[in-house]
1. Within 10 Å of each candidate Cβ there may be at most 12 other Cβ atoms; applying that plus a DSSP loop requirement, which trypsin sites (Lys or Arg not before Pro) in the range 29-75 survive?
2. Quote to one decimal, in nm, the extra length available between Ser54 and Val27 on full extension: 0.36 nm per residue of separation minus the C-alpha distance between them.
3. Please name whichever of Thr47, Ile37, Val5 sits farthest to the positive end of the charge dipole of the chain, dipole taken about the Cα centre and charges placed at Cβ: Lys and Arg +1, Asp and Glu -1.
4. How far, in nm, would the chain grow between His67 and Glu17 when pulled straight, counting 0.36 nm per residue and subtracting the alpha carbon separation?
5. What value in Å³ per residue do you get for the convex hull of the alpha-carbon atoms in the chain?
6. Please get the size of the charge dipole for the chain, origin at its Cα centre, with Cβ charges of +1 on Lys and Arg and -1 on Asp and Glu, quoted in debye to the nearest 20.
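Computed from the coordinates by the stated procedures, all read-outs in this text should not be read as laboratory data. Quantities reported herein were computed from a predicted structural model and do not represent experimental measurements. A quick note on method: Cβ atoms are made from the backbone with ideal geometry, for glycine too, and the neighbour counts reach across all protein chains shown.
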Amino acid sequence: MTPSVGRIVHVAVDPAENNGQDYAAAVVTRVFSDSMINVCVLLDSPTGPIQKTSVSLHAERPHDVRHAAWWQPRA
């Protein structure tokens with residue numbers, strides 16, 4: 001898939017900041033390339049959204065998810 005502004009991806013987050021879940025939905029806010037994006041992360045908490053910059057984008061969840069995003073699986 002090709003990233004574009006407004007698309008939804010999953011990103012790794014600290015479970016303590018996301019009601020126990022280790023990933024969250026994020027909206028793509030800028031595209032640098034097919035594999036590098038900026039996102040606005042929608043946490044399941046009252047702290048509100050957070051920004052992540054220069055996040056590597058993968059087709060599936062990578063083993064090392066520290067600063068990575070991946071396409072959500074089809075439902």
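1. In loop regions of the range 29-75 (DSSP not H, G, I, E or B), the sparsely surrounded trypsin sites (Lys or Arg not before Pro) are Arg66, Arg74.
2. Full extension of this stretch gives 8.4 nm more.
3. About the Cα centre, the residue reaching furthest to the positive side is Val5.
4. Gain on extension, His67 to Glu17, equals 16.4 nm.
5. With only Cα atoms used, the chain gives 89 Å³ per residue.
6. With only Lys, Arg, Asp and Glu charged at Cβ, the dipole is about 240 debye.
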